[in-house]
Amino acid sequence: DKQLVYLRKVKMKKLDKMIKDSMITLSRSSQDKWTDARFSEVKSSTMTAKGDFGEELTTSVLNELGLEARRVNQGIGEFDIIMGEWLIEHKLATEDSTGSFQFNGIKKNVTYDIVFCLGVSPNDISFTILTKEDAMDLGVSMTKGGTDSFKYSVPLSKMISYNEENVLDELVKLGIVTT
């Protein structure tokens with residue numbers, strides 16, 4: 001009996017050490033690329049706050065370009081921003097550990113013209129724009145067998161640096177605005 005108690009204590013000490021070592025590993029991994037990063041607050045914010053941040057930023061940039069954009073319905077509904085005659089669904093994603101973004105909840109059967117995908121990295125912001133046709137081609141559903149909401153995954157290398165000039169260039173390229 002004493003030997004069994006002793007073995008249990010030894011095993012518990014070993015287990016305690018394994019737990020401690022694992023906690024150190026966890027601690028190191030939680031101090032990832034977002035620790036002390038410029039946009040760490042975006043990463044740690046609620047989904048609603050992230051959405052508001054992205055919609056407000058993009059609306060401000062579009063207005064700075066003279067494109068008369070306005071947010072509608074605080075992100076509730078089929079689209080988030082109206083720019084002239086264009087209806088914009090806005091999505092924000094933060095960069096994951098593999099250097100990619102996953103834009104979630106893209107619906108195919110609602111009214112919008114483009115999906116503006118804003119990607120927030122630890123210290124940079126990038127974007128890409130999906131036309132409604134691009135969105136219709138998305139094949140990865142948010143739910144198994146679902147047909148109402150889709151996700152778009154894209155690596156940082158396929159995103160465009162977020163600045164006024166690049167946003168305007170992309171809108172012109174897509175035929176959304178003319179210069």
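The values are calculated or read from the model by the stated rules, or taken from the named source; none is laboratory data. Quantities reported herein were computed from a predicted structural model and do not represent experimental measurements. Because the Cβ atoms are built from the backbone with ideal geometry, glycine has one as well, and the counts that use them run over all protein chains shown. Note: areas computed on protein heavy atoms with side chains; ligands, DNA, RNA excluded. Shrake-Rupley method; radii C 1.70, N 1.55, O 1.52, S 1.80 Å.
Sparsely packed loop sites in region 83-179 (the GluC sites (Glu not before Pro) outside DSSP H, G, I, E and B with at most 15 other Cβ atoms within 10 Å) comprise 85. Amide H contacts under 5 Å for residue 72: 81, 82, restricted to partners 5 or more places along the chain or on a different chain, H placed in the peptide plane at 1.01 Å from N. Helices that extend 27 Å or more along their long axis by alpha-carbon positions and average at least 0.0 on the Kyte-Doolittle scale are absent among the DSSP H runs of the chain. What the phi angles of region 81-98 give under the Karplus curve with 6.51, -1.76 and 1.60, with θ = phi - 60°, is a coupling list of 9, 10, 10, x, 8, 8, 9, 10, 8, 10, 10, 10, 9, 9, 5, 8, 5, 9 Hz, glycine and proline written as x. Derived scalar couplings between HN and Hα for region 33-38 equal 5, 8, 5, 6, 7, 4 Hz in order, rounded to whole Hz, by the Karplus curve 6.51 cos²θ - 1.76 cosθ + 1.60 (θ = phi - 60°), x for Gly and Pro. The lysine pair count for region 45-179, using Cα distances under 19 Å and pairs eight or more places apart or on different chains, is 18.
Between residue 64 and residue 23, what's the calculated FRET efficiency when r is the beta-carbon distance and R0 is 41 Å? Round to 0.05. Walk me through the intermediate numbers first.
On the way: r = 47 Å, r/R0 = 1.14.
Working from the Cβ atoms, E equals 0.30.
Report summary: the helix-based calculation at 222 nm, which adds -39500 (n - 2.57) for every DSSP H run with n ≥ 4 and divides by the residues of the chain, gives -12000 deg cm²/dmol.
Placing a pseudo-label 7 Å from each Cα along the Cα-to-Cβ vector at residue 111 and residue 157 gives an inter-label distance of 4.1 nm. Listed by chain and number, the lysines placed with their C-alpha closer than 26 angstrom to that of residue 17 are 2, 9; residues fewer than eight positions away on the same chain are left out. The distance linking region 17-87 with region 104-179 is 14 Å (Cα centroid to Cα centroid, whole angstrom). Can you tell me what share of the DSSP beta bridges in the chain is antiparallel? A percent to the nearest 5 is fine. Roughly 75 percent of the beta bridges in the chain run antiparallel, per DSSP.
Computed over protein heavy atoms with a 1.4 Å probe, the accessible surface of the chain works out to 63 Å² per residue. Backbone amide hydrogens, once placed in the peptide plane, bring residue 142 within less than 5 Å of 149, 150, 151, excluding anything fewer than 5 places away on its chain.
Report, to the nearest whole %, how much of the accessible area of the chain belongs to carbon and sulfur atoms, 1.4 Å probe, protein only.
Result for the chain: 52 percent of the exposed heavy-atom area is carbon or sulfur.
Note on residue 136 and residue 72: the model spin-label points, each 7 Å out from Cα along the C-beta direction, lie 2.1 nm apart. Accessible surface of residue 83, taken over heavy atoms with a 1.4 Å probe and every protein chain present, rounds to 10 Å².
In this rough spin-label picture, where each label sits 7 Å from Cα along the Cβ direction, the residue 166-residue 13 distance is 5.6 nm.
Anyone know which of 126, 161, 44 comes out most mobile in the 10 Å Cα GNM of the chain? With Cα springs under 10 Å in the chain, the top fluctuation among 126, 161, 44 is at 44.
With a ≥ b ≥ c the root eigenvalues of the C-alpha gyration tensor of region 50-153, is it rounded (a/c under 1.5), prolate (a/b larger than b/c) or oblate? Please list the in-between numbers first.
On the way: a/c = 1.98, a/b = 1.19, b/c = 1.66.
Judged from the Cα gyration tensor, region 50-153 comes out oblate (a/c at least 1.5, b/c at or above a/b).
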